[in-house]
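Take a look at the structure set out below.
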Amino acid sequence: MQIDIKTNKLDLTPAITQYIEDKIGSLDKFITRFEGYGEAKATVEIARTTAHHQHGDVYYAEANLYVNGTVLRAEQTEEDIRAAIDKVKDILKMEIQKYKEKAEAKRLPEKKSSEE
């Protein structure tokens, strides 16, 4: 899976880059069955939402996962950038599960009608 990272008001360190690649890249195992239709691509944007606040939800993470012509999207605001990335990964994992269930539901009626 190709992962593109964009930042806004935040320096992209090698440690954060590696963290994003590890977390978002771990979703690859859930979408391998759809890669026959084209390579999956993820775009991740991380940002510091405010320059002057030091407390509260000041880090933002957003990810768009392009799979088989469908866009799965997640966004989260947290006090820590790593926590925001973790939550985005969890949301995307749930979105992938929903996508798989919908794909199975579309295929299942076809199998039933062919068996009758």
Revision key, fill the gap. Within the range 22-53, the count of residues that are at pLDDT 70 or above, over 16 Å from ILE96 (Cβ atoms) and surrounded by fewer than 18 Cβ atoms within 10 Å (Cβ to Cβ) comes to 5
Review point. Of the residues that sit in the range 6-32 and are touching a helix residue (DSSP H, G or I) at 6+ places or on another chain (Cβ under 8 Å) and assigned to a helix (DSSP H, G or I), which one is farthest from ARG82 (Cα to Cα)?
Key: PHE30
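The values are calculated or read from the model by the stated rules, or taken from the named source; none is laboratory data. Everything numeric in this text was worked out from a predicted model, so none of it was measured. In this analysis, Cβ positions are derived from the backbone assuming ideal geometry, glycine residues included, and neighbour counts consider all displayed protein chains.
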